[in-house]
Each structure stands twice: as structure tokens, then as C-alpha cells.
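Structure, as C-alpha cells:
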Amino acid sequence: MEDDVRTARKLFGEMAVQKGYCTKEDVDRALEIQRALEASGEPRTMLGLIMLEETMINNQQFIELLMELDHLVHEDEPEGYDVPLDIEEEAEEEELDDMIGEDELEDEFEDIL
């Protein structure tokens with residue numbers, strides 16, 4: 001289990017750098033923050049959450065990386081594995097609602113619907 005956690009942390013940071021979302025230095029800094037938090041007695045914080053809070057990556061990038069990691073972790077799952085709801089689609093809808101406002105969105109597209 002501990003090896004899986006280490007691998008996931010390493011993968012998350014590597015994937016973020018590989019996709020150009022952040023630099024290796026950002027990942028190293030996030031790992032330092034994570035170690036400092038643990039040393040001060042704080043419960044373990046996911047590397048991705050630290051990177052998100054420190055604005056090294058944005059919400060969409062965070063979600064995309066988590067979904068990719070989930071896919072990698074569960075690629076050996078037997079057929080019929082329950083795939084979670086499409087988080088990315090849900091996040092985009094919420095983002096759009098926040099930008100425009102749900103009522104304004106309905107008014108905007110009322111003629112089409």
C-alpha cells in the first residue's frame with residue numbers, strides 16, 4: 001500500500017510536468033511543503049492538492065491528472081468496474097454556471113430549447 005502511495009505521488013508530479021502544467025521545480029517545492037506539513041504533525045495532504053493550493057496547477061488540470069491516475073491504477077480492474085461519474089464534465093458545467101449564472105444561461109438558450 002505504501003508503495004502505491006509513493007508511486008501515485010511520483011506519477012502525479014511527473015504527469016503534471018510532462019503535460020507542461022508545471023515545472024519540476026514546482027513539484028519539488030510541493031514535495032517540500034508536503035514533508036514540512038507531515039513533520040509538523042499535520043495529516044498527509046495529497047501532492048496534487050498542495051499544487052492546486054499553491055496555484056502550480058489549476059482546477060481543470062488537477063481533475064484531468066486525477067482521472068488519468070485513476071485510469072492507470074484501475075487499468076487491471078475486471079470488466080464491469082464501476083467508473084465514477086464524469087467529473088470533468090460536471091466541473092465544466094459548474095465552471096460555466098459560475099461564469100454566467102444558471103438563470104442567465106437558461107435565458108440565453110431559451111429560444112433554442
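Values quoted throughout were computed directly from the atomic coordinates according to the rules given, and no laboratory measurement underlies them. Note that the coordinates shown come from a computational prediction; the quantities given were computed from them, not determined experimentally. Glycine also receives a Cβ, built like all others from the backbone with ideal geometry; neighbour counts cover every protein chain displayed.
Once phi is turned into θ = phi - 60°, what whole-Hz ³J(HN,Hα) does the Karplus curve with 6.51, -1.76 and 1.60 give for every residue of the stretch 53-63, x standing for Gly and Pro?
After applying 6.51 cos²θ - 1.76 cosθ + 1.60, I find 5, 8, 6, 7, 9, 9, 4, 4, 5, 4, 4 Hz.
Rank these for me by crowding, 17, 27, going from fewest to most other beta carbons within 10 Å.
Ranked by crowding around the Cβ, least crowded first: 17, 27.
With a sphere of radius 9 Å drawn around the Cβ of residue 45, what net charge do the other residues whose Cβ falls strictly inside it have (Lys, Arg +1; Asp, Glu -1)?
-2
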